[in-house]
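First comes the structure, then the notes that go with it.
The values are calculated or read from the model by the stated rules, or taken from the named source; none is laboratory data. Computed from a predicted structure; not experimentally measured. Using ideal geometry, Cβ is built from the backbone for each residue, glycine included, and neighbour counts are taken over all protein chains shown. Accessible surface is based on the protein model in full, side chains and every heavy atom, while ligands, DNA and RNA are left aside. Shrake-Rupley method; radii C 1.70, N 1.55, O 1.52, S 1.80 Å.
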Amino acid sequence: MSQKIYRVLSIDGGGMKGLFSAYFMKQFCLDAGIPGNKIYEHFDIIAGTSIGGIQALAYASGYSPDDMIQLFLDQQNPLNNGSYNTSSIFYPAVSTLQKINTILYGDETWYQNTNLKALLNQKFGQTKMFQLKTNVLIPSVEIYTTQIPDVGTDVKAYRPVLFSNMGFTGLEGQNYLLQDVALATSAAPIYFPAVNIPEVTTPNSKFIDGGTYQNNPAALNWALGNALNPSANRICVLSVGTGLGTVGLFDPVPVPPPEIVQKHLNEFREFLSQKNYSAQKIEETINSIIPDFNNIYLLLDLISLGIGGPQEAVNKQLQWQSLYGSKVNNKDLFFYRFNTIYDIIKDTELDSTSADFLAYMQQAANTQYGKDALKIQAFIQKLNF
């Protein structure tokens, strides 16, 4: 029986850790004989979430892994001459102190998306989804909010969204600008503000990062490939991770309340003393309203587990599906996932831009590629059969 192959590429989210996946794609293209700027000719669907979504849209537009690597390297902050890269999407740099104070006492995100918008506009311009050179699948989430007096914004409901250039049931966005879709899938809560897409959002709705829905869209891609290609008898799924580490704060430190908060605490302490509270009771009361920073750090790590857990469950699902020969609609599945577990002593936060971080991403990718060399070659054979 002649083989009809459907080829799927999926790229996880992970902020600056997307450099890890870009280095993989560069070496993979070399070994597979794929011109870097022609990835779209070798995959029938390219899916991606967050930074993986940006890369997916870029590859489907004709950009190469080298282009993506340079995008990441251009983000280095500070620069070699000691100045700061003011065009970095993570500019200005935010310290642990600032991050914690923003979470507890602020009403803004750690970063604004001004530079990210400019970068996406530079890369994608006015190109729309239907103009892409191959099919794409880009997750995001639309949230519906309301304002609570003296509290702030409250999320009342949400809607998982799959952006695509395909006119298939449950997909949307054929006429949206690439830069709008890229911004929507990468609007990571806490890091960046939620965003609008003019064609769809209402005054009370915005889009946030697709990682809050599915950071690893490989299984979605595989299922869609089955639905779109009933005559194919082989589906090859290449799933590219961004490494396993937390999005929490690297080497967290005790963070004192800002001066204005300390001033109010002192005023409250004075008030309690006038009520004839004992010194011990006063301090117990004050400490009861000061946030437990251990819980803040744990919360940030749990966010990364909440994103990473489901993505690795998808990996295991497809791995078992492939290893044990199960078929769907008489289609064989050949699956390979590229990922690694980062060294716990390394700073691998998703907004890291130091020279050490950038070098470690390349080292981690090269090391894992060497470990998986035989698996990668076997997958390439199935891909090119």
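Structural remarks
- Number of residues in the range 67-84 that are touching a residue at least 60 places away in the same chain (Cβ under 8 Å), closer than 25 Å to residue 193 by Cβ and either open to solvent by 30 Å² or more (accessible area, probe 1.4 Å) or in a loop (DSSP other than H, G, I, E, B) (or both) equals 3.
- Residues located in the range 167-210, provided they are at pLDDT 95 or above, more than 15 Å from the chain's Cα centre (by Cα), among the polar types (S, T, N, Q) and assigned to a loop (DSSP other than H, G, I, E, B): 174, 175
- Residues of the range 44-66 satisfying the condition of being open to solvent by 10 Å² or more (accessible area, probe 1.4 Å) and among the aromatic types (Phe, Trp, Tyr): 63
Rundown of residues vs (1) touching a Phe, Trp or Tyr at 6+ places or on another chain (Cβ under 7 Å); (2) among the β-branched types (Val, Ile, Thr), yes/no style:
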site: 40; (1), (2): yes, no
site: 54; (1), (2): no, yes
site: 58; (1), (2): no, no
site: 65; (1), (2): no, no
site: 75; (1), (2): yes, no
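- Selection count, the range 136-166, where residues are in contact with a helix residue (DSSP H, G or I) (Cβ under 9 Å, 6 or more places away or on another chain) and in a loop (DSSP other than H, G, I, E, B): 2
- For beta carbons closer than 8 Å, sequence separation of 6+ or different chains, a first residue in the range 204-230 that is closer than 17 Å to residue 321 by Cβ and of a type in the set (Ser, Thr, Tyr) and a second that is open to solvent by less than 10 Å² (accessible area, probe 1.4 Å) and not in a strand (DSSP E or B), there are no qualifying pairs.
Per-residue answers, yes or no, for (1) surrounded by 24 or more Cβ atoms within 10 Å (Cβ to Cβ); (2) closer than 21 Å to residue 239 by Cα:
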residue: 137; (1), (2): yes, yes
residue: 145; (1), (2): no, no
residue: 152; (1), (2): no, no
residue: 159; (1), (2): no, no
residue: 165; (1), (2): yes, yes
residue: 169; (1), (2): no, no
residue: 173; (1), (2): yes, no
residue: 177; (1), (2): no, no
residue: 186; (1), (2): yes, yes
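- The residues in the range 230-252 that are in a loop (DSSP other than H, G, I, E, B) and open to solvent by less than 10 Å² (accessible area, probe 1.4 Å) can be counted, and the count is 5.
- Enumeration of residues in the range 1-41 that are outside any loop (DSSP other than H, G, I, E, B), of a type in the set (A, V, I, L, M) and open to solvent by 60 Å² or more (accessible area, probe 1.4 Å): 30
- Criterion violated by residue 123 - all others in (1) part of a loop (DSSP other than H, G, I, E, B); (2) at pLDDT 90 or above; (3) in contact with an Asp or Glu (Cβ under 9 Å, 6 or more places away or on another chain) satisfied: (1)
- Qualifying positions in the range 206-243 - over 17 Å from residue 11 (Cα atoms) and hydrophobic (A, V, I, L, M, F, W, C): 207, 208, 227, 228, 232
- In the range 30-39, the condition of being of a type in the set (S, T, N, Q) and touching a residue at least 60 places away in the same chain (Cβ under 8 Å) is met by no residue.
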